[in-house]
Every structure is written in C-alpha cells, then in structure tokens.
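A.B. asks: Before anything else, here's the structure in question.
The values are calculated or read from the model by the stated rules, or taken from the named source; none is laboratory data. Small disclaimer: the values here were computed from a predicted structure and weren't measured. Here the Cβ positions follow ideal geometry from the backbone for every residue, glycine too, while neighbour counts run over all protein chains shown.
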Amino acid sequence: MVTLPQNPTLLITGAAGNLGGLLARHLLAADVQLRLMVHKTPVSADLESAESTTVVKADLAKKATLARAVEDVDVVVHFAGVLFAPRPEKFLPVTNTQWFENLVDASVEASVRRVVLMSFPHVEGPTTIASPATGRLDRSPISVHAQTRLAEEQLLYTKTEGTETTPVVLRLGMVYGDSVLMVDAARWLARHWLLGVWTQPTHIQLISIPDYLSATEAACLLPDVEGTYHLGDERPTTLQALLDECCQVWGCKKPWRMPLWMIYTAAALTEFAAALLRKPAPLTRDFISIGRVSYWGDTARMRDELLPELRYPTFQDGKSTLLHCSRRPVP
C-alpha cells in the first residue's frame, strides 16, 4: 500500500490555469503543502499569498529547471500545457508529449511517490454507456489533442514501471460550473447570440466542479491509489442538450444549429487570424474534431476507491452551479 506522509507536499503544474487553479484553491483547506509551478503566467494573488503555498518557476521544455520544482515533493498533479493556439498539430506533439516526458523523468529521479495526469475519455475514441472507456491504451483517436494525451498516458505508465513513482491517470468528463473557462466562453457567446453547435447529436459525460475537486483530492491523497480512473456523473446527455439547458439557465437564446462545414470554416478562419495577429485561437479545427466524439467512461473505480457518492449525480441536480459554484464541497 502506498501511503503518503502527514502534511504531504503537492506540486501542481499549470496552477495559473483554469482547472489547476481551481484545484489549488480547493486544497488550501486540506492538510497539505502546495507548490505551484508557473512558467510565464503568475498565479492569482490569493493563491500566492496563502500560508500553505509556495510558487516555483520552471519550464517544462527545459528538464534542468524541473529538479528544484519536484525536490521533496510527494505528489505531482499535471495540468500545464498549451491550449488556445492555432495549428495544434504543430505544437501538441511537443508540449503534450516531450514536455510531460521531462516532468516524469524529473519526478522519477526525485522519487516522487505519485504522478497524477489529468486526461479525458476521448483518448479511447468514440465510446458509449453500453461500451465505455475502461482505461485502454491501444486506441487511435482522431484528434491531435486526444492522440497526444494518449501518448502522455503511455509515457507515464512506461516511465514509472519498476520505480518508486506510482502512476495515476484521471480521465475527466466535461467539467461544468461557474468559473470553468469553456463554460464562461459559451455563456459570453450565448449572450451575444453567437453560440452555435452542429446538428448531429454528440453524447457526452459531465462532472460538476465540486465532484471533480473531491475526486481529484482523493486521487492525490488517499493511500493505494494507482492506475486509470474515469471521473464523471451518472446520466449521459448530448452536447446539444447541454448547451440548450445552459442557455435556459443563463436566460439566453438557444444556440444556433449549424452545418458542420460552417463550424469548421469558422475555426479555420479563427486559426488564420490568430496566426496572422499572433493572438490566442479560442476555436481550432482540432477542437471541433475532439468535440464531435461521443464519449462515456466507466466510473466504477472512481465510486469504489475515490468518491462513493457524487454531490451532483446528474446535470439536473447540479445545473445551479452554472450560476454559483462553491469553492469547496460541504462535507
């Protein structure tokens, strides 16, 4: 059984990002020491000034900078990467794969006890509630985001085999709630009558912010956690139905139903403009490719080992979090 010491030290990469920042803020109330790794973007002021946190600067592209970041760390939780940039097929094989390999190598050399990789069910390609994702590593997903994340999972298991470092992969369903970046973007688009979605139903699995945080905290701190866990709720829906209900909660018009070619064209134009102006690309063709994949993960291990009961078992139970989200679930 792998047991962590009292008051363990957790390193969170990408702590200045969205889900990484939410987890860091959630763990301020836990009995842990937080080491928040940043590269260019600083963490929020409340995190930097918290008594239990230390900010460390490192560059995943430069392995030599990672030794100090992982020194005396018990658990590494990896979020960091490049997301909103044009032509992800050019940079993701480096930022998602080579950079993560640097982090795993440094963690193994430092005898970090556990490395937790944040992933998603899309790495197994199209899945359904009747034939769910189960933790397989031998699939061939269509999007570059999923291909490179699958490569990260494979690297983690290969590099930690026979070492003191335990691999943990958390495959997240779509996280929803107030302050989730993608949800906030959809709300902004909806309020400006710009939100659109393709007509063909895409089945998805969701998880609320409080349940994502509780399950991830358990994966970081509970003893004897190892392997792949799918984090999700208990009722499938479609992306189209989700956006319709979100718009109803926000008091906005339902999203436009658009032909797929039009959405891909908009993504291509967005990428072209972003590359020309050297700006972020909030929409890419690869985002559309991964977004079109229906997915469902088998959550049996999550319920058995991490989170026996969800605070919000279905979206109907949790959709109020779209308006207000508690930072830490009530016990």
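A.B. asks: Going residue by residue through the stretch 264-282, is there one that turns out to be free of Cβ contacts under 8 Å to residues at least 24 places away in the same chain, exposed (fewer than 14 other Cβ atoms within 10 Å of the Cβ), under 16 Å from Ala85 (Cα atoms) and under 23 Å from the mean Cα position of the chain (by Cα)?
C.D. replies: Looking for residues that are free of Cβ contacts under 8 Å to residues at least 24 places away in the same chain, exposed (fewer than 14 other Cβ atoms within 10 Å of the Cβ), under 16 Å from Ala85 (Cα atoms) and under 23 Å from the mean Cα position of the chain (by Cα), one finds at least one in the stretch 264-282, hence yes.
A.B. asks: Moving on to the next point. So, Pro201, is that one surrounded by fewer than 16 Cβ atoms within 10 Å (Cβ to Cβ) and modelled with pLDDT of 95 or more or not? So that I can check it myself, show each step before the final result.
C.D. replies: Numbers: surrounded by fewer than 16 Cβ atoms within 10 Å (Cβ to Cβ): yes; modelled with pLDDT of 95 or more: yes.
When the stated conditions are applied, Pro201 passes them.
A.B. asks: Okay, moving on. Within the stretch 53-70, take every residue that is of a type in the set (Gly, Ala, Ser) and surrounded by 14 or more Cβ atoms within 10 Å (Cβ to Cβ) and give me the one that is nearest to Ala110 (Cα to Cα).
C.D. replies: Taking the stretch 53-70 and keeping what is of a type in the set (Gly, Ala, Ser), we get 58, 61, 64, 67, 69.
This time we only want the ones that are surrounded by 14 or more Cβ atoms within 10 Å (Cβ to Cβ), so: 58, 69.
Details: Ala58: 15, Ala69: 10 Å.
Only one residue fits best here, namely Ala69.
A.B. asks: Now for a separate question. Quick one: in the stretch 125-145, which of the residues that are modelled with pLDDT under 95 and not in a loop (DSSP other than H, G, I, E, B) is farthest from Glu89 (Cα to Cα)?
C.D. replies: Checked the stretch 125-145; the qualifying residue farthest from Glu89 (Cα to Cα) is His145.
A.B. asks: Going by the structure shown, is Thr228 more than 22 Å from Ala186 (Cα to Cα), touching a His at 6+ places or on another chain (Cβ under 6 Å) and surrounded by 13 or more Cβ atoms within 10 Å (Cβ to Cβ)? Step through it out loud before you land on a result.
C.D. replies: Working: more than 22 Å from Ala186 (Cα to Cα): yes; touching a His at 6+ places or on another chain (Cβ under 6 Å): no; surrounded by 13 or more Cβ atoms within 10 Å (Cβ to Cβ): yes.
No: the conditions fail for Thr228.
A.B. asks: Quick one: which residue in Gly125, Gly81, Gly135 is closer than 22 Å to Met182 by Cα, of a type outside the set (Phe, Trp, Tyr), in contact with a Gly (Cβ under 8 Å, 6 or more places away or on another chain) and in contact (Cβ under 8 Å) with a residue 40 or more places away in the chain?
C.D. replies: After applying the criteria, what remains is Gly81.
A.B. asks: Exactly one condition in (1) surrounded by 17 or more Cβ atoms within 10 Å (Cβ to Cβ); (2) of a type in the set (Ser, Thr, Tyr); (3) modelled with pLDDT under 95 is false for Thr41; which is it?
C.D. replies: Among (1) surrounded by 17 or more Cβ atoms within 10 Å (Cβ to Cβ); (2) of a type in the set (Ser, Thr, Tyr); (3) modelled with pLDDT under 95, Thr41 violates only (1).
A.B. asks: Would you confirm, using the coordinates I've provided, whether Asp233 is surrounded by 15 or more Cβ atoms within 10 Å (Cβ to Cβ), within 28 Å of Pro132 (Cα to Cα) and in contact with an Asp or Glu (Cβ under 8 Å, 6 or more places away or on another chain)?
C.D. replies: Numbers: surrounded by 15 or more Cβ atoms within 10 Å (Cβ to Cβ): yes; within 28 Å of Pro132 (Cα to Cα): yes; in contact with an Asp or Glu (Cβ under 8 Å, 6 or more places away or on another chain): yes.
Spelling it out, Asp233 is indeed surrounded by 15 or more Cβ atoms within 10 Å (Cβ to Cβ), within 28 Å of Pro132 (Cα to Cα) and in contact with an Asp or Glu (Cβ under 8 Å, 6 or more places away or on another chain).
Residue by residue, here is whether (1) modelled with pLDDT under 95; (2) small (Gly, Ala, Ser); (3) touching a Ser or Thr at 6+ places or on another chain (Cβ under 8 Å) holds:
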residue: Arg171; (1), (2), (3): no, no, yes
residue: Arg187; (1), (2), (3): yes, no, no
residue: Ile207; (1), (2), (3): no, no, no
residue: Glu217; (1), (2), (3): no, no, no
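A.B. asks: Ok, one more. Read through the list (1) among the charged types (D, E, K, R); (2) touching a residue at least 24 places away in the same chain (Cβ under 8 Å); (3) over 29 Å from Pro8 (Cα atoms), then give the number of the only condition that Asp184 fails.
C.D. replies: Single failed check for Asp184: (2).
A.B. asks: Restricting attention to the stretch 157-209, which residues are among the β-branched types (Val, Ile, Thr) and part of a helix (DSSP H, G or I)? Can you show your working first?
C.D. replies: In the first step, residues of the stretch 157-209 are kept if they are among the β-branched types (Val, Ile, Thr); the result is 158, 160, 163, 165-166, 168-169, 175, 180, 183, 197, 199, 202, 204, 207, 209.
Matches in the stretch 157-209: Thr158, Thr160, Val183, Ile209.
A.B. asks: Name the residues in the stretch 194-243 that are touching a Cys at 6+ places or on another chain (Cβ under 8 Å) and closer than 21 Å to Trp261 by Cβ, would you?
C.D. replies: The one that is touching a Cys at 6+ places or on another chain (Cβ under 8 Å) and closer than 21 Å to Trp261 by Cβ: Leu195.
A.B. asks: Would you check if there is a residue in the stretch 187-196 being closer than 22 Å to Gly17 by Cα and exposed (fewer than 15 other Cβ atoms within 10 Å of the Cβ)?
C.D. replies: Keep residues of the stretch 187-196 that are closer than 22 Å to Gly17 by Cα, which gives 187-189.
Okay, now just the ones that are also exposed (fewer than 15 other Cβ atoms within 10 Å of the Cβ), so 188.
Yes.
A.B. asks: I would also like to ask the following. Does Asp304 qualify as being among the acidic types (Asp, Glu) and out of contact with any Leu (no Cβ under 9 Å at 6 or more places or on another chain)? Before you say what the answer is, go through the steps one by one.
C.D. replies: Working: among the acidic types (Asp, Glu): yes; out of contact with any Leu (no Cβ under 9 Å at 6 or more places or on another chain): yes.
For Asp304, the condition - among the acidic types (Asp, Glu) and out of contact with any Leu (no Cβ under 9 Å at 6 or more places or on another chain) - is met.
A.B. asks: Hey, another quick one. Taking into account only those residues within the stretch 1-18 that are surrounded by 21 or more Cβ atoms within 10 Å (Cβ to Cβ) and at pLDDT below 95, which is farthest from Val76 (Cα to Cα)?
C.D. replies: Ala16
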